[in-house]
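Q: Okay, handing you the structure first.
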Amino acid sequence: MTTNVEELASDMMRFAFLLRHMDLVAVVLKCEAFARALQSEPTQESVEEVRLWLRGAMKGGSGSLSDRYVQKEGAVDEVLNAEYEGLLQKFTDFVNAGPESKESAAAAMFGDGSTYFRLVEVPVRRGWFSRTGTYTYEVATGPGATCLVTRDQLGDAVGYGPGRSRKDWQECQMTADRLFREARKEDWVHYSSSWVVPDEVLRRHW
């Protein structure tokens with residue numbers, strides 16, 4: 001389903017207005033910047049940038065956007081809060097719809113400073129009790145910027161650490177392992193969505 005970019009821009013601007021009642025200045029400015037970008041450059045890349053940001057911003061937990069209320073004079077504003085919850089649901093549906101094309105998703109991810117990785121080598125058994133080699137991953141941190149790391153170094157290379165979702169991290173690793181078993185060594189796994197994007201798609205943006 002194709003996103004109505006004009007409607008998405010309007011929703012982001014309205015979301016920013018509601019967030020002002022929560023004193024979330026940085027988030028307000030981010031939403032307004034996205035809305036203006038959608039209005040001035042209504043491309044699929046712009047849409048995917050918004051989708052990727054919302055995916056992270058709306059993750060549950062104490063203090064998250066889904067855990068807040070619109071208040072007025074110390075009490076919940078029933079009217080504005082209902083509108084806020086409606087937009088949250090609308091954005092949830094939008095995020096869960098997934099990227100409208102792998103190519104636009106790939107461009108948005110790199111633009112957002114995210115990383116990709118893939119498993120390129122595993123230890124080889126030499127006899128019953130010995131193996132040679134190591135688990136080696138290739139990590140891409142931006143257009144043309146790649147490096148090889150071991151499994152112990154992978155977390156630091158992609159930005160996984162305290163405060164990041166362990167579940168997302170495990171899903172990414174399992175996806176990379178599966179691709180290697182299926183001999184799909186050219187495909188990349190995006191951290192932290194686990195989206196799989198073919199190498200040729202990424203290279204169109206390098």
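Q: Consider the stretch 123-161. How many of its residues are β-branched (Val, Ile, Thr) and open to solvent by less than 40 Å² (accessible area, probe 1.4 Å)?
A: 4
Q: Just to check your reading of the model, which residue among ARG118, ARG203, ARG164 is surrounded by fewer than 18 Cβ atoms within 10 Å (Cβ to Cβ), among the basic types (Lys, Arg) and more than 18 Å from GLU48 (Cβ to Cβ)? If you could, list the steps in order and put the result at the bottom.
A: Values: ARG118 fails: surrounded by fewer than 18 Cβ atoms within 10 Å (Cβ to Cβ); ARG203 fails: more than 18 Å from GLU48 (Cβ to Cβ).
Exactly one of ARG118, ARG203, ARG164 is surrounded by fewer than 18 Cβ atoms within 10 Å (Cβ to Cβ), among the basic types (Lys, Arg) and more than 18 Å from GLU48 (Cβ to Cβ), namely ARG164.
Q: Same structure, new question: Applying the selection to the stretch 170-185, what residues are free of Cβ contacts under 8 Å to residues at least 24 places away in the same chain and within 15 Å of THR136 (Cβ to Cβ)?
A: The first filter runs over the stretch 170-185 and keeps only residues free of Cβ contacts under 8 Å to residues at least 24 places away in the same chain, leaving 170-171, 173-175, 178, 181-184.
GLN173 - this is the single residue of the stretch 170-185 that is free of Cβ contacts under 8 Å to residues at least 24 places away in the same chain and within 15 Å of THR136 (Cβ to Cβ).
Q: Looking only at residues that are over 14 Å from PHE91 (Cβ atoms), among the hydroxyl-bearing types (Ser, Thr, Tyr) and not in a helix (DSSP H, G or I) in the stretch 26-65, which one is least open to solvent (accessible area, probe 1.4 Å)?
A: THR43
Q: Give just the number: which of (1) within 22 Å of ARG184 (Cα to Cα); (2) modelled with pLDDT of 90 or more; (3) not small (Gly, Ala, Ser) does PHE110 not satisfy?
A: Failed condition: (2).
Q: Pick from ASP11, ASP23: which is more than 18 Å from the chain's Cα centre (by Cα), open to solvent by less than 30 Å² (accessible area, probe 1.4 Å) and among the charged types (D, E, K, R)? Steps first, please.
A: Working: ASP23 fails: open to solvent by less than 30 Å² (accessible area, probe 1.4 Å).
That would be ASP11, the only listed residue that is more than 18 Å from the chain's Cα centre (by Cα), open to solvent by less than 30 Å² (accessible area, probe 1.4 Å) and among the charged types (D, E, K, R).
Q: Another one. Please specify each residue of the stretch 66-77 satisfying the condition of being exposed (fewer than 11 other Cβ atoms within 10 Å of the Cβ) and assigned to a helix (DSSP H, G or I).
A: Listed by number, the list holds a single entry, ASP67.
Q: Another one. Can PRO99 be described as modelled with pLDDT under 80, not in a helix (DSSP H, G or I) and not aromatic (Phe, Trp, Tyr)? Write out each step before concluding.
A: On the way: modelled with pLDDT under 80: yes; not in a helix (DSSP H, G or I): yes; not aromatic (Phe, Trp, Tyr): yes.
Judged against the criteria, PRO99 is a match.
The values are calculated or read from the model by the stated rules, or taken from the named source; none is laboratory data. Everything numeric in this text was worked out from a predicted model, so none of it was measured. Ideal geometry is used to build each Cβ from the backbone, glycine not excepted, and the neighbour counts take in all protein chains shown. In case anyone asks, the SASA skips ligands and DNA or RNA and just uses the protein heavy atoms, side chains included. Shrake-Rupley method; radii C 1.70, N 1.55, O 1.52, S 1.80 Å.
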